[in-house]
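A short write-up of the structure that comes next.
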Amino acid sequence: MDSKRAIELGANVIAIQTLMVAYATDGRTSAQPAEYRELYAGVTIDLEEAKYANPNPHKSLEVFMAFCKLQQMSTYASRRVYVQELYADVLLDLKRIQRHAPSSKNWGKANEALADELTQSVRNG
């Protein structure tokens with residue numbers, strides 16, 4: 001992934017986070033769920049192409065809110081922290097790419113393990 005693509009992907013991740021925070025802190029609009037689903041799909045594809053797993057399991061804002069309620073995240077602050085932490089490692093790695101810095105060793109190991117697991121699933125499936 002080149003620096004320009006890392007910047008674009010980082011901006012889309014931040015847009016997802018912004019939508020999640022707005023939705024979880026009563027800044028909701030009727031357009032947000034559709035916008036989120038579209039962004040989520042694009043980010044997931046872009047992350048896969050860059051050999052990352054999407055750390056965000058919430059495919060819709062409604063699923064995200066249900067998760068917040070199940071986890072008893074009753075304060076806006078707790079929801080904001082959760083959203084920031086979801087993509088923290090990915091955003092850090094994208095910053096490394098933008099600065100042409102070496103990739104984190106932890107990400108490399110995690111991505112190799114994920115690739116091995118996917119390969120085995122395909123063979124066994």
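The values are calculated or read from the model by the stated rules, or taken from the named source; none is laboratory data. Note that the coordinates shown come from a computational prediction; the quantities given were computed from them, not determined experimentally. Positions of Cβ are generated from backbone atoms using ideal geometry, with glycine treated the same way; all protein chains shown enter the neighbour counts.
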Can you tell me which of Arg5, Arg79 is surrounded by fewer than 17 Cβ atoms within 10 Å (Cβ to Cβ) and of a type outside the set (S, T, N, Q)?
Arg5
Restricting attention to region 39-57, does a residue exist that is farther than 29 Å from His100 by Cα and modelled with pLDDT of 95 or more?
no
Just to be sure I understand, how many residues within region 74-102 are without any contact (Cβ under 8 Å) to a residue 12 or more places away in the chain and in contact with a helix residue (DSSP H, G or I) (Cβ under 6 Å, 6 or more places away or on another chain)?
0
Keeping to region 58-78, report how many residues are at pLDDT below 95 and of a type in the set (Lys, Arg).
1
Residue list for region 1-59, filter: of a type in the set (Asp, Glu) and not in a helix (DSSP H, G or I)
Asp2, Asp26
Quick one: would you say Gln32 is without any contact (Cβ under 8 Å) to a residue 40 or more places away in the chain and not acidic (Asp, Glu)?
yes
Take the residues in region 59-78 that are within 16 Å of the chain's Cα centre (by Cα) and of a type in the set (Phe, Trp, Tyr), then tell me which one is nearest to Leu19 (Cα to Cα).
Phe64
